[in-house]
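Asks: Please read through the structure below; I'll follow up with questions.
The values are calculated or read from the model by the stated rules, or taken from the named source; none is laboratory data. Since the structure is predicted, the reported quantities are computational estimates derived from the model, not experimental observations. A quick note on method: Cβ atoms are made from the backbone with ideal geometry, for glycine too, and the neighbour counts reach across all protein chains shown.
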Amino acid sequence: MDHDLRAMCDAVAYVVRNGIEWRAVPVDFPPWDSVYAFYERWNKRGLPQQIVTRLRERLRERQGRKKEPTACVIDSQIVKCADTVPAATSGYHGGKKIKGRGRHLVVDCEGWLLALVVVAASVSDKAGAKLLAGRLASMFTTLELMWADACYGGNPLCEFMKATAGITLEIVKRTSPHSFQVIRRRWVVEMSKPQCCHSCGLSALPLAPSPVVVMIACWLFSQGRRRCCPRGVWWSARRRSTSAGSARTTVRLMAGCW
């Protein structure tokens, strides 16, 4: 059966944002088994991550920037886990008094997702930053500067980031700790957190399949960013250049679901 691509993407976004069962997909969307098969095929090919990358590159060019970023911002977030999450994959954060997980993410200067790591809440911010450093080193060769808050301070981490990824870590501190203020550079990552972190789907997943967690975050991020993207840019990010066939056929071939 031929289903509309937009309806399939919206159905997947509905599931991963609300953390519901696949069989509970509302009847307004295509059948749940078709939606799940679509989701699995795209994940196996890494297409959600590719969509985020293409969107980032296209919009950076539209804003007069280079495709590959040279600076980034890092931050973490501690969230509670659902009851279905095993105790072995979650931890207790003593500072925030929360039992759950920590999400460590890196974005560029425009707030686009570069890398994401989900670990137990008991893992420190510096340990999460070291995990991200390895991913950034394998994905980007142009990064030179990273802004972070005071919890990432210290010479050992700065030296590790420089040696592993060639990135200079710069700490941006508050000027007044007891008043609201827009902090230089750090506000970008704070605006990006709701795009990929405020969802029930990420909290309910087990920690073990980290590629699945990253893919779900990419689904959430691409759907959230779609609202602020021109329609042509968002849809063109899904297409693969080809010499024959219509744009719709090209999208179907890329998705591998028809």
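Asks: Across region 168-210, which residue is modelled with the highest pLDDT among those that are hydroxyl-bearing (Ser, Thr, Tyr) and out of contact with any Cys (no Cβ under 6 Å at 6 or more places or on another chain)?
Replies: For region 168-210, the residue satisfying everything is Thr168.
Asks: Yes or no: region 47-55 includes at least one residue that is over 18 Å from the mean Cα position of the chain (by Cα) and either among the basic types (Lys, Arg) or surrounded by 14 or more Cβ atoms within 10 Å (Cβ to Cβ) (or both).
Replies: no
Asks: May I pose another question? Condition first: among the charged types (D, E, K, R) and under 20 Å from the mean Cα position of the chain (by Cα). Can you find one or more residues in region 139-150 that meet it?
Replies: So far as region 139-150 goes, yes, one or more of its residues are among the charged types (D, E, K, R) and under 20 Å from the mean Cα position of the chain (by Cα).
Asks: Return yes or no: is Lys80 in contact (Cβ under 8 Å) with a residue 60 or more places away in the chain, touching a Lys or Arg at 6+ places or on another chain (Cβ under 9 Å) and basic (Lys, Arg)?
Replies: yes
Asks: Could you please tell me which pairs satisfy a Cβ distance under 7 Å, a separation of 6+ or placement on different chains, a first residue in region 49-63 that is without any contact (Cβ under 8 Å) to a residue 60 or more places away in the chain, and a second residue that is surrounded by fewer than 19 Cβ atoms within 10 Å (Cβ to Cβ)?
Replies: So the pair list comes out as Glu57/Lys67; Arg60/Lys66; Arg60/Lys67; Arg60/Glu110; Glu61/Lys67; Gln63/Glu110.
Yes/no per residue for (1) touching a strand residue (DSSP E or B) at 6+ places or on another chain (Cβ under 8 Å); (2) within 25 Å of Ile171 (Cα to Cα):
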| residue | (1), (2) |
| --- | --- |
| Glu68 | no, yes |
| Ala71 | yes, yes |
| Ile74 | yes, yes |
| Lys80 | yes, no |
| Val85 | yes, no |
| Lys96 | yes, yes |
| Gly102 | yes, yes |
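Asks: Next question. Just to be sure I understand, how many residues within region 163-191 are among the hydrophobic types (A, V, I, L, M, F, W, C) and assigned to a loop (DSSP other than H, G, I, E, B)?
Replies: Here the count works out to 5.
Asks: State yes or no: is Ala165 under 22 Å from Ile78 (Cβ atoms), small (Gly, Ala, Ser), in contact with a Leu (Cβ under 8 Å, 6 or more places away or on another chain) and at pLDDT 60 or above?
Replies: No, not satisfied.
Asks: Same structure, new question: Might you check whether a residue that is surrounded by 15 or more Cβ atoms within 10 Å (Cβ to Cβ), of a type in the set (Val, Ile, Thr), modelled with pLDDT of 90 or more and closer than 20 Å to Val118 by Cα occurs anywhere in region 22-37?
Replies: No, there is no match, as no residue in region 22-37 is surrounded by 15 or more Cβ atoms within 10 Å (Cβ to Cβ), of a type in the set (Val, Ile, Thr), modelled with pLDDT of 90 or more and closer than 20 Å to Val118 by Cα.
Asks: Let me ask something else about it. I'd like to check something: does region 101-108 contain any residue that is part of a loop (DSSP other than H, G, I, E, B) and closer than 25 Å to Val189 by Cα?
Replies: Checked region 101-108: no residue is part of a loop (DSSP other than H, G, I, E, B) and closer than 25 Å to Val189 by Cα.
Asks: When you look at Arg185, is it of a type outside the set (Asp, Glu) and surrounded by 15 or more Cβ atoms within 10 Å (Cβ to Cβ), yes or no?
Replies: In short, yes.
Asks: Name the residues in region 139-173 that are within 18 Å of Leu113 (Cβ to Cβ), touching a helix residue (DSSP H, G or I) at 6+ places or on another chain (Cβ under 6 Å) and β-branched (Val, Ile, Thr), would you?
Replies: The answer is Ile167, and nothing else.
Asks: Right, something else. With the requirement that a residue be of a type in the set (Gly, Ala, Ser) and either within 13 Å of Gly111 (Cα to Cα) or surrounded by 14 or more Cβ atoms within 10 Å (Cβ to Cβ) (or both), what does region 56-91 give you?
Replies: If the condition is that a residue be of a type in the set (Gly, Ala, Ser) and either within 13 Å of Gly111 (Cα to Cα) or surrounded by 14 or more Cβ atoms within 10 Å (Cβ to Cβ) (or both), then Ala71, Ser76, Ala82, Ser90, Gly91 are the ones that fit.
Residues are listed down the side, and each one gets a yes or a no for (1) in contact with a strand residue (DSSP E or B) (Cβ under 7 Å, 6 or more places away or on another chain); (2) in a strand (DSSP E or B); (3) among the basic types (Lys, Arg):
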position: Lys99; (1), (2), (3): yes, yes, yes
position: Gly111; (1), (2), (3): no, no, no
position: Leu116; (1), (2), (3): yes, yes, no
position: Gly128; (1), (2), (3): yes, no, no
position: Leu131; (1), (2), (3): yes, no, no
position: Gly134; (1), (2), (3): no, no, no
position: Thr141; (1), (2), (3): no, no, no
position: Pro156; (1), (2), (3): no, no, no
position: Met161; (1), (2), (3): yes, no, no
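Asks: Another one. Would you pick out the residues in region 39-50 that are in a helix (DSSP H, G or I) and either modelled with pLDDT of 90 or more or not aromatic (Phe, Trp, Tyr) (or both)?
Replies: Selection gives Glu40, Arg41, Asn43, Lys44, Leu47, Pro48, Gln49, Gln50.
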